[in-house]
Amino acid sequence: MRVFISMLLTAAFLLAVLPAAAERAALPEDLTAIEMTRLMGNGINLGNTMESCDASNRGGNTTDNPGHYETLWGQPVTTPEMLQGMKAAGFDTIRIPVAWMTNATHLKDGDYTIAPAYLDRVEEIVNYALDAGMFVILNDHWDGGWWGMFGSETEATRNLAMEAYTGMWKQIGERFGKYDSRLIFESANEELGARFDENSALYCQDSLVSRLPDGERYALTNRVNQAFVDTVRALGGNNARRFLLIAGFGTNIDQTFDSRFHMPKDSAEKKLMVSVHYYDPWSYCGASTAKGATPWGKQKDYGQMYATLSKMKKFTAAGYGVVIGEYGALPGSDGIMKENAPAYHRAFLDCCDALDYTSCLWDCSGFFVRRELKITEAEMAEVYAGRNAESEAGKDYAEIAAAGKAAFDAAEAAAPESLVENRLNVSADSCVAWIMFSAGDWAVSYSVGDVYTPDSITPGVVPTDAEITGPGTYTVALDFTGTEAGYANNTAFSAVGISNGEDKYPGYCILITELKVNGTAVKLKGRNYTCADDGHCTRTNLYNEWVDMKSARDGARVLVGDLTGISATLLDQGAEEMQKIRTLEVTFRYEPRK
């Protein structure tokens, strides 16, 4: 739980949680962003509700019937009782994702006027939450992919994107200008940077979107966030000092930590927060079924969680509040909680306490079941029950932080060192080759990332890894036949990695001599090349669509010849054999560059 209530603020806060809007006392005007995040406690998302949309809609949106969208992705109509139930379950903040453009405007025709009926319905839900004693975050959330307009090759489309964006926030700010600081505006969701080149079927029908270099993405992210702040502040009134939540680059912690991301300038003092998301590792948190999730709970998992989240201290040190706007070990499509999910969530919340962040659980009735008005899984309900604002009213933040760190450290110390058998009997500084892999539907994975983690594995996957002892020919493989489905559905990412390769064999190159799918050799779509993203792990990509090849060439090397024809997407996703990968095998030479 992340609550700070100084003796000065205790009385104001207790009045603030009273149910009737008329009884809510004003928050102190000099409240800082960090103090505000302490008041916000634990949060939850109203997921798959007001952001539900039909991105293929080309015939005009149902702007006069917001309820059509509210239930489009399977959620029930939101009621006051649901918000009261969330508050009772231990949540003091609700993040309300909204699709404004796709559901409530005719932006594809150049008109970004938000339908009054849609604003009315969002405002109604905001009032449900405020009346329940909650803080509220409003954003624009994916929204049919309209953000791809920012990356258009056509200047007129790019200009319309910025005009629509500022126009959207002007309308939202005017409608909600009467609301006090308990209502927070968030500049975006995961779109800034990461989705400026999304080719939306609705908004970018003419293939106008091009892949932007990272430098341009960062510059545009910073420009959009600045426009957000300037637009809201210019409205005056409560908006002149409203707390504003600035979406990080793709809401990714590492990319937001990057020095190219800048927080906007603000005319109000200490009223900005920064938002990032945390679903690490995705092979556990995002696995489509509980049975298919990689295991989580070893000591290294705890250590990685704390180390990653600690990077956001860069922002609290500069006076910005930190909001983890989404997180969670998400229930599978079968509705079953993942093994160790309560421990994962408890550890995460302890980290937030220790590091002075607030957070909002991503939820689409998987944790808090809206039709039953409660968290139905008993152990998960227990995680949140005692972590609300009321239970810690009057406590000093330092006390809460110390307790959170102590609880986290105790859980880490009690965790096992490993969750699977050390198949190669190698140490952490050994040089090991393996296939990093994520299936196209993210349901199957193995040791994704530049650190060799053989216990990050979907149950049923059988890897063949190889200890590198010097130059030579090696074979690595993955067998997916023992998984729940019996195969991997294509690949979203795959690469051959060699742990500590840059340290032990600097300058060596990987040359793929044969790649087999389901036992049959396949032709590669280009030449493989060798790189080292972290300076330690040697890698060659098999399929990595996120690589900017212009930038990649600066650090690329090949065994023989120049870089002509190199590619990070060697596998053909459209090939028949890729639709059901039962086995994947790579044979390669590992030698110094000739």
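Applying the selection to the range 511-530, what residues are in a loop (DSSP other than H, G, I, E, B), open to solvent by 40 Å² or more (accessible area, probe 1.4 Å) and of a type in the set (A, V, I, L, M)? Once the filter is applied, which keeps residues that are in a loop (DSSP other than H, G, I, E, B), open to solvent by 40 Å² or more (accessible area, probe 1.4 Å) and of a type in the set (A, V, I, L, M), the range 511-530 yields only Leu524.
Here Asp503, Asp533 are screened, and the one residue that is outside any strand (DSSP E or B) and either open to solvent by less than 50 Å² (accessible area, probe 1.4 Å) or modelled with pLDDT of 95 or more (or both) is Asp503.
The residues in the range 141-159 that are in a helix (DSSP H, G or I) and either touching a Phe, Trp or Tyr at 6+ places or on another chain (Cβ under 9 Å) or buried (at least 22 other Cβ atoms within 10 Å of the Cβ) (or both) can be counted, and the count is 11.
Would a scan of the range 117-140 turn up a residue that is touching a Ser or Thr at 6+ places or on another chain (Cβ under 6 Å), among the polar types (S, T, N, Q), surrounded by fewer than 21 Cβ atoms within 10 Å (Cβ to Cβ) and not in a loop (DSSP other than H, G, I, E, B)? For the range 117-140, residues touching a Ser or Thr at 6+ places or on another chain (Cβ under 6 Å), among the polar types (S, T, N, Q), surrounded by fewer than 21 Cβ atoms within 10 Å (Cβ to Cβ) and not in a loop (DSSP other than H, G, I, E, B): absent. Pairing each residue of the range 260-283 that is over 30 Å from Tyr344 (Cα atoms) and assigned to a loop (DSSP other than H, G, I, E, B) with any residue that is basic (Lys, Arg) and open to solvent by less than 10 Å² (accessible area, probe 1.4 Å), provided the two are 6+ apart or on different chains, yields C-beta distances under 9 Å for Ala268/Arg242; Lys271/Arg242. Restricting Ile253, Ile246 to those that are closer than 30 Å to Asp334 by Cβ, in contact with a strand residue (DSSP E or B) (Cβ under 8 Å, 6 or more places away or on another chain) and not polar (S, T, N, Q) reduces the list to Ile253.
Annotation for the range 409-422: at least one member residue is surrounded by 15 or more Cβ atoms within 10 Å (Cβ to Cβ) and within 30 Å of Tyr487 (Cα to Cα). Summed over the range 546-587, residues that are in contact (Cβ under 8 Å) with a residue 40 or more places away in the chain and surrounded by 12 or more Cβ atoms within 10 Å (Cβ to Cβ) total 24.
Restricting attention to the range 297-318, the residues that are without any contact (Cβ under 8 Å) to a residue 60 or more places away in the chain and not in a helix (DSSP H, G or I) add up to 4. Determine whether the range 265-273 contains at least one residue that is closer than 16 Å to Asn139 by Cα and at pLDDT 95 or above. Looking through the range 265-273, at least one residue is closer than 16 Å to Asn139 by Cα and at pLDDT 95 or above.
Only one of Val383, Val322 is in a strand (DSSP E or B) and aliphatic (A, V, I, L, M). Can you tell me which? When all the criteria are applied, what remains is Val322. No other residue among Asp429, Asp465, Asp455, Asp450 is among the acidic types (Asp, Glu), more than 26 Å from the chain's Cα centre (by Cα), surrounded by 16 or more Cβ atoms within 10 Å (Cβ to Cβ) and within 22 Å of His536 (Cα to Cα) apart from Asp465.
Considering only residues in the range 338-365 that are of a type outside the set (A, V, I, L, M, F, W, C) and assigned to a loop (DSSP other than H, G, I, E, B), the one that is most open to solvent (accessible area, probe 1.4 Å) turns out to be Glu339. Of all residues in the range 366-378, those satisfying the criterion of being open to solvent by 30 Å² or more (accessible area, probe 1.4 Å) and touching a residue at least 60 places away in the same chain (Cβ under 8 Å) are Arg371, Leu373, Lys374. Scanning the range 89-114 for residues that are of a type in the set (S, T, N, Q) and either without any contact (Cβ under 8 Å) to a residue 24 or more places away in the chain or assigned to a strand (DSSP E or B) (or both) returns a single hit, Thr93.
Thr71 meets the stated requirement of being modelled with pLDDT of 90 or more, out of contact with any Gly (no Cβ under 7 Å at 6 or more places or on another chain), open to solvent by 30 Å² or more (accessible area, probe 1.4 Å) and closer than 30 Å to Gly148 by Cβ.
Here the condition is being more than 26 Å from the chain's Cα centre (by Cα) and farther than 25 Å from Trp442 by Cβ; of Gly535, Gly526, Gly501, Gly519, it holds for Gly501 alone.
Applying the set (1) over 25 Å from the mean Cα position of the chain (by Cα); (2) surrounded by 20 or more Cβ atoms within 10 Å (Cβ to Cβ); (3) of a type outside the set (Gly, Ala, Ser); (4) more than 29 Å from Glu216 (Cα to Cα) to Lys87 leaves exactly one unmet item: (1). Kindly check whether there is at least one residue in the range 141-154 that is under 30 Å from Val383 (Cβ atoms) and touching a residue at least 12 places away in the same chain (Cβ under 8 Å). Yes, some residue in the range 141-154 is under 30 Å from Val383 (Cβ atoms) and touching a residue at least 12 places away in the same chain (Cβ under 8 Å).
Checking the conditions here, which among Phe408, Phe480 is of a type in the set (Phe, Trp, Tyr), over 26 Å from Asp534 (Cα atoms) and touching a helix residue (DSSP H, G or I) at 6+ places or on another chain (Cβ under 6 Å)? Being of a type in the set (Phe, Trp, Tyr), over 26 Å from Asp534 (Cα atoms) and touching a helix residue (DSSP H, G or I) at 6+ places or on another chain (Cβ under 6 Å) holds for just one of Phe408, Phe480, which is Phe408.
With respect to the conditions (1) among the aromatic types (Phe, Trp, Tyr); (2) outside any strand (DSSP E or B); (3) in contact with a Pro (Cβ under 7 Å, 6 or more places away or on another chain), Trp546 lacks only one, and its number is (3). Name the pairs whose Cβ atoms lie under 8 Å apart, with the first residue in the range 423-449 and among the charged types (D, E, K, R), the second surrounded by 15 or more Cβ atoms within 10 Å (Cβ to Cβ) and modelled with pLDDT under 95, and 6 or more positions between them or separate chains? So the pair list comes out as Arg423/Pro454; Asp441/Ser288. All of Gly325, Gly250, Gly286 fail the test of being within 19 Å of Phe185 (Cα to Cα) and open to solvent by 10 Å² or more (accessible area, probe 1.4 Å), apart from Gly250. Quick check on the range 379-395. Is at least one of its residues at pLDDT 95 or above, surrounded by 19 or more Cβ atoms within 10 Å (Cβ to Cβ) and either basic (Lys, Arg) or more than 18 Å from Asn45 (Cα to Cα) (or both)? No, there is no match, as no residue in the range 379-395 is at pLDDT 95 or above, surrounded by 19 or more Cβ atoms within 10 Å (Cβ to Cβ) and either basic (Lys, Arg) or more than 18 Å from Asn45 (Cα to Cα) (or both).
I'd like to know if the range 255-270 contains one or more residues that are open to solvent by less than 20 Å² (accessible area, probe 1.4 Å) and under 14 Å from the mean Cα position of the chain (by Cα). The answer is yes; a qualifying residue exists.
The values are calculated or read from the model by the stated rules, or taken from the named source; none is laboratory data. The shown structure was predicted, so the numbers you read here are calculated from the model rather than taken from an experiment. Methodologically, a virtual Cβ is constructed for each residue, glycine included, from the backbone with ideal geometry; neighbour enumeration extends over all protein chains shown. The protein model used for the area step is the full one, side chains on, heavy atoms only, and it has no ligands, DNA or RNA in it. Shrake-Rupley method; radii C 1.70, N 1.55, O 1.52, S 1.80 Å.
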